[in-house]
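Working notes for the structure below.
The values are calculated or read from the model by the stated rules, or taken from the named source; none is laboratory data. What you see is a predicted model; the values in this text were computed from it and never measured. Using ideal geometry, Cβ is built from the backbone for each residue, glycine included, and neighbour counts are taken over all protein chains shown. Calculation scope for accessible area: heavy atoms of the full protein, side chains included, ligands and nucleic acids excluded. Shrake-Rupley method; radii C 1.70, N 1.55, O 1.52, S 1.80 Å.
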Amino acid sequence: MGLLSIIRKIKRKEKEMRILMVGLDNSGKTTIVLKINGEDTSVISPTLGFNIKTIVYDKYTLNIWDVGGQRTIRSYWRNYFEQTDGLIWVVDSSDLRRLDDCKMELDNLLKEERLSGASLLIFANKQDIQGALTPSEIEKVLNLDAMDKTRHWKIIGCSAYTGEGLLEGFDWLVQDIASRIYVLD
Amino acid sequence: MEAGDRDRSRDPSSTAGEGSDSEIERKRAQMIERLSNLHQARVQSSAREKSDSAPPSESTEAFLARFSDSKREIETRIADSKTVTDAESVKSRLEQIAKSIEEMEKLVAENSYFLPSYEVRSALRSVAELRQGLEVLNSELVPKKKFSFKSKSVKKGLSLSRPVAAEGTDSEPDTAEKGRFKARESPGFRSRTGEVLVKDFKGLEVGEFTISDLEECEVRLIGRVRAIYVHRLRNCKVYAGPVLGSILIEDVEDCVFVLASHQIRIHHAKKCDFYLRVRSRPIIEDCGGVRFGPYCLEYEGIDGDLKESRLDEETGNWGNVDDFKWLRAVQSPNWSVVPEKERVGTVIIDNKMSG
Ligand SMILES: Nc1nc2c(ncn2[C@@H]2O[C@H](COP(=O)(O)OP(=O)(O)OP(=O)(O)O)[C@@H](O)[C@H]2O)c(=O)[nH]1
Ligand SMILES: [Mg+2]
């Protein structure tokens, strides 16, 4: 096997990004993935295990892992941490009551060493709902400024319902991962 | 896959013409070095992280071999079970098969980071097929059992003493809503006792609606909303028109709900009846003694509201409940169907406050 075929092999992997999407149940993860992929969002059941979606985005292939957020299955999130390039944390901005829960789960996740190198995108979802907290309010509640300074992160308001904000979020995430990992291009 | 590689620019034959000067050569050499360093680093770090658990093979072949072994094994077990008649061993067989399928899914998840995505998807498809096979087996073996179970558990009072729900999650702080966002409360009914609470959403742009901390109240919601959050109700009745998004219910006891929504999630409910129309499968978690029946609400203009919310069709999903505390093929002991003669019948509401 010559060097060039090695390079080709590595390169092909290089173009792939592994993205883990988590958050409390009902936050809208599955809806976001289907919406960004242009699929029908009218019948979505709560996720019992996980879904994987492969999406070609710019010149990258995103493997998106959408993992169910019901309390019982949150302990399985750790099965998916390995080799994660990007982490998307989805918040239901209209569910004020469970924001403490949401903060606690996010804090736990960020302690995880296997995720320490991952870029973090926080989607403040359901912005179309009247009374939803704004992204900057969510940022305060989740105390994002206290995060480890080495972490690349961004919070973006979005609505999986209207599609607003989704591309902006994915653009940032993909660019950020690309600039960290694929410096060679 | 090799054949589909269109990345001709890295093919020596296509770069030859670009002038293979030493500058390009040097850059390429650097790139190779950095790439292999990066690759090494990734492999090493994943090996390091994995060393405390199962030894990583990181080989697609090894994964596929293991995966297809257990797939075959499960298929055999499903086939073998078709002839089993003894109820007890049917039950334990079904449960064991379900558990093995879960383990297969976990195997896929754990190995997914190095598997080609095609393999991941086809492995997941196999898992789904096995689940389906199990479900078929289940319906072949235990249809009567399932039915008799349901009619047994609906006897009032029987399930009341079963200590199902709790499990410590109740220690969840109740402070969130009392804390930061008191100043900005969303529309809703909160902290009432013994009242009839009526809200007509017609002509209003209502986003989410919250119903919390009620005792012995009757809530009537007429018209459409995007989302409903229900928290801490005792001895209440809640009747609501269609919800375009989802309903989230937590910590309710001795209540009756008549609801229509695209999604419904129920956590920590005890001894409640739910009459639902849902587009997707309703789910319960940490519930006990909950029963389900079809939606049965009437108010003036409800047909139009249901239609606009795409909830005019009976999907039958009210009976397809997924219990997150019982991810097995056999019927969950935590929920049942309300027998027809015990159902509430059509509930007619209007927006007048007449008791
Ligand atoms: N109004 C509104 N509703 C949304 C939005 N995003 C999702 N929803 C609704 O929220 C509910 C939950 O969405 P899902 O995508 O199933 O949530 P999830 O995070 O995948 O939930 P789990 O699979 O249980 O972890 C659905 O009823 C969606 O229609 C949004 O941006 N606006
Ligand atoms: Mg989901």
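Quick one: which bits of region B:203-244 get at least 50 Å² less accessible when the partner protein chains are in, versus the chain alone, with a 1.4 Å probe?
B:208, B:226, B:229
Rounded to the nearest 0.05, what FRET efficiency do residue A:171 and residue A:134 have when you use their Cβ-Cβ distance and R0 = 25 Å? Before the final figure, lay out each step's value.
On the way: r = 20 Å, r/R0 = 0.81.
E(calc), rounded to 0.05, equals 0.75.
Would you tally the net charge around residue B:296, using a Cβ to Cβ cut-off of less than 12 Å, leaving residue B:296 out, and scoring K and R as +1, D and E as -1? Present the calculation step by step, with values, prior to reporting the outcome.
On the way: positive: B:277, B:343; negative: B:273, B:298, B:314, B:340.
Result for the local shell: -2.
Determine the shielding of peptide B:93-104 by partner chains: average, over its residues, the number of Cβ atoms on other chains within 10 angstrom of each Cβ.
Numbers: counts 0, 0, 0, 0, 0, 0, 0, 0, 0, 2, 0, 0.
Partner-chain Cβ atoms within 10 Å, mean over residues of B:93-104: 0.
Could you give the distance between the Cα centres of region B:222-236 and region B:289-355, to the whole Å?
14
Please list, ordered by chain and number, the residues whose modelled amide H lies under 5 Å from the amide H of residue B:223; skip anything fewer than 5 residues away on the same chain.
The answer is B:201, B:241.
Please list, by residue number, every one of the trypsin sites (Lys or Arg not before Pro) in region B:61-91 that is coil in DSSP and has at most 14 other beta-carbon atoms within 10 Å. Write out the running numbers ahead of the final one.
Working: sites: B:66, B:71, B:72, B:77, B:82, B:91; in loops: B:82.
Answer in residue order: B:82.
Determine ³J(HN,Hα), in whole Hz, for all residues of region B:221-229 in sequence, where each value follows from phi through the Karplus function 6.51 cos²θ - 1.76 cosθ + 1.60 and θ = phi - 60°; x replaces Gly and Pro.
Ordered by residue, 3J(HN,Hα) equals 10, 10, x, 10, 10, 7, 7, 10, 10 Hz.
Amide H of residue B:237 versus every other amide H placed in the peptide plane: which residues, excluding those fewer than 5 positions away on the same chain, fall under 5 Å?
Long-range HN contacts for residue B:237: B:217, B:218, B:219, B:256.
Using amide H atoms built in the peptide plane, which far-off residues or other-chain residues are under 5 Å from residue A:157 H to H?
Correct list: A:124.
Return a single number: how many Lys pairs in region B:188-348, at a sequence separation of 8 or more or on separate chains, have alpha-carbon atoms below 16 angstrom apart.
On the way: B:199/B:237; B:202/B:307; B:237/B:270; B:237/B:271; B:270/B:325.
For region B:188-348, qualifying lysine pairs total 5.
Averaged over its residues, how many other protein chain Cβ atoms are within 10 Å of peptide B:107-113's Cβ atoms? Walk me through the intermediate numbers first.
Numbers: counts 1, 4, 11, 5, 2, 9, 8.
That average works out to 6.
Could you work out [θ]222 nm for chain A from helices alone, using -39500 (n - 2.57) per DSSP H run of at least four and dividing by all its residues? Round to the nearest 500 deg cm²/dmol.
Details: 5 runs with 56 residues, N = 185.
Theoretical 222 nm ellipticity from helices: -9000 deg cm²/dmol.
What whole-number value in Å² describes the accessible area per residue of region B:188-348 for a 1.4 Å probe? Mind showing how you got there, number by number?
Values: 5690 Å² over 161 residues.
So region B:188-348 comes to 35 Å² accessible per residue, rounded to a whole number.
Counting only Cα, what are the radius of gyration and maximum Cα-Cα distance Dmax of region B:188-348, in Å?
In Å, with Rg to one decimal and Dmax whole: 14.5, 46.
Where does the charge balance sit around residue B:189 when Lys and Arg score +1, Asp and Glu -1, over other residues with C-beta under 10 Å from its C-beta? If you can, show how the numbers build up before the last one.
Values: positive: B:190, B:192, B:199; negative: B:195, B:213.
Surrounding charge for residue B:189 is +1.
If you count, for each residue, the other Cβ atoms within 10 Å and average over each peptide, how do A:33-42, B:202-211, A:139-148, B:263-272 line up from highest to lowest? Please list the in-between numbers first.
Details: A:33-42: 15.5, B:202-211: 17.5, A:139-148: 13.9, B:263-272: 23.6.
My ranking of the peptides, most packed first, is B:263-272, B:202-211, A:33-42, A:139-148.
How much net charge surrounds residue A:116 when only other residues with a Cβ under 10 Å from its Cβ are counted (Lys, Arg +1; Asp, Glu -1)? Show your work: numbers first, answer last.
Details: positive: A:111, A:114, A:151; negative: A:112, A:113, A:148.
Computed value for this residue: 0.
Mind ranking A:174-181, B:345-352 by how tightly packed they are, going by the mean number of other C-beta atoms within 10 angstrom, highest first?
Working: A:174-181: 17.0, B:345-352: 12.9.
Packing order, densest peptide first, comes out as A:174-181, B:345-352.
Among B:232-241, B:316-325, how do they line up by average Cβ neighbours within 10 Å per residue, starting with the highest? Don't skip to the end; give the middle numbers.
Numbers: B:232-241: 22.3, B:316-325: 18.8.
In decreasing order of mean packing, B:232-241, B:316-325 become B:232-241, B:316-325.
Just how much of residue B:284 is accessible, in Å², when a 1.4 Å probe is used and the result is rounded to the nearest 10?
About 0 Å², rounded to the nearest 10.
Residue by residue through region B:92-106, which ³J(HN,Hα) values in whole Hz follow from phi under the Karplus form 6.51 cos²θ - 1.76 cosθ + 1.60 (θ = phi - 60°), with glycine and proline marked x?
Along region B:92-106, the couplings run 5, 5, 4, 5, 5, 5, 4, 5, 4, 5, 4, 5, 5, 4, 5 Hz.
Just checking the output field for A:46-52: average partner chain Cβ neighbours within 10 Å of each residue's Cβ? Write out the running numbers ahead of the final one.
Values: counts 11, 1, 7, 10, 5, 1, 7.
Per-residue shielding by partner chains comes out at 6.
Which value, in square angstrom to the nearest 100, describes the accessible area buried between chains A and B on both sides, using a 1.4 angstrom probe?
Numbers: alone 10070 and 21360 Å², together 25500 Å².
Separately minus together, A and B give about 5900 Å² buried.
Assign unit charges at the C-beta atoms only (+1 for Lys and Arg, -1 for Asp and Glu), then state the dipole size of region B:204-346 relative to its Cα centre in Debye, rounded to the nearest 20. Let's see the in-between values first.
Working: 19 positive and 25 negative charges, 84 e Å.
Charge dipole, region B:204-346, about its Cα centre: 400 debye, nearest 20.
Could you give me the ³J(HN,Hα) list for region B:281-297, computed from phi with Karplus coefficients 6.51, -1.76, 1.60 and θ = phi - 60°, whole Hz, x at Gly and Pro?
Each residue of region B:281-297 in turn: 7, x, 10, 10, 8, 6, 10, x, x, 9, 10, 10, x, x, 4, 8, 9 Hz.
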